[in-house]
1. Just to make sure I understand: if all protein chains stay in place, what is the order of 33, 92, 79 by accessible area at 1.4 Å, largest first?
2. What is the dipole size for region 50-98, taken about its Cα centre, with +1 at each Lys and Arg Cβ and -1 at each Asp and Glu Cβ, in debye to the nearest 20?
3. Roughly how much of residue 1 is accessible, in Å² to the nearest 10, using a 1.4 Å probe?
4. Convert 20 °C to kelvin, take the viscosity as 1.002 mPa s, use the Kirkwood radius over C-alpha pairs of region 1-93 as Rh, and evaluate the Stokes-Einstein diffusion coefficient in µm²/s, rounded to a whole number.
5. Straight-line reach from residue 96: which aspartates and glutamates have Cα under 13 Å away, leaving out those fewer than 8 places along the same chain?
6. Counting pairs of alpha carbon atoms under 8 Å apart in space and at least six apart in sequence, what relative contact order in percent does the chain give?
7. Per-residue HN-Hα couplings for region 81-92, Karplus 6.51 cos²θ - 1.76 cosθ + 1.60 at θ = phi - 60°, whole Hz, x for Gly and Pro?
8. Identify all lysines with a Cα-Cα distance to residue 91 below 17 Å; exclude those on the same chain that are fewer than 8 residues away in sequence.
Amino acid sequence: MAERLAKLSTEKAVVIFTTSQCPMCYTVASLFSDLGVCAADPRGRDMERELARRLGRSPPVPAVFIGGKLVGSTDRVMSLHLDGKLEPMLKSAGAKWL
């Protein structure tokens, strides 16, 4: 599962692991959509277990990867956004051009 997670996390410039019942997942996905970023959104129980193991928390979602690197969850993404650091990361990863 770790290999599959690693492969999925690099499928697109931005990958957000979510579940459909998670309000924070919706918030993070909405932020990226509002920023004009089309993110991949893979789901599955096996991936959730692997993310929980890697992140050391449950539930492990949302888990955001930018440019194949784990950025973190809602608090980290929102902090980066408020500090003006998220958009440069997105541009660097090729997720956003303007």
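1. 92, 33, 79
2. 140 debye
3. 70 Å²
4. On the way: Rh = 13.0 Å.
This corresponds to a translational diffusion coefficient of 164 µm²/s.
5. Within reach: 34, 87.
6. Once normalised by length, the contact order is 32 percent.
7. Each residue of region 81-92 in turn: 5, 5, 7, x, 9, 6, 4, x, 5, 5, 5, 4 Hz.
8. Counting by Cα, and skipping residues close in sequence, residue 91 has these lysines nearby: 12, 69.
The values are calculated or read from the model by the stated rules, or taken from the named source; none is laboratory data. Treat the numbers as computed from the prediction; the structure is a model and nothing was measured. Don't worry about glycine lacking a Cβ; one is built from the backbone with ideal geometry, like all the others, and counts go over all protein chains shown. Heavy atoms of the whole protein, side chains included, go into the accessibility calculation; ligands, DNA and RNA do not. Shrake-Rupley method; radii C 1.70, N 1.55, O 1.52, S 1.80 Å.
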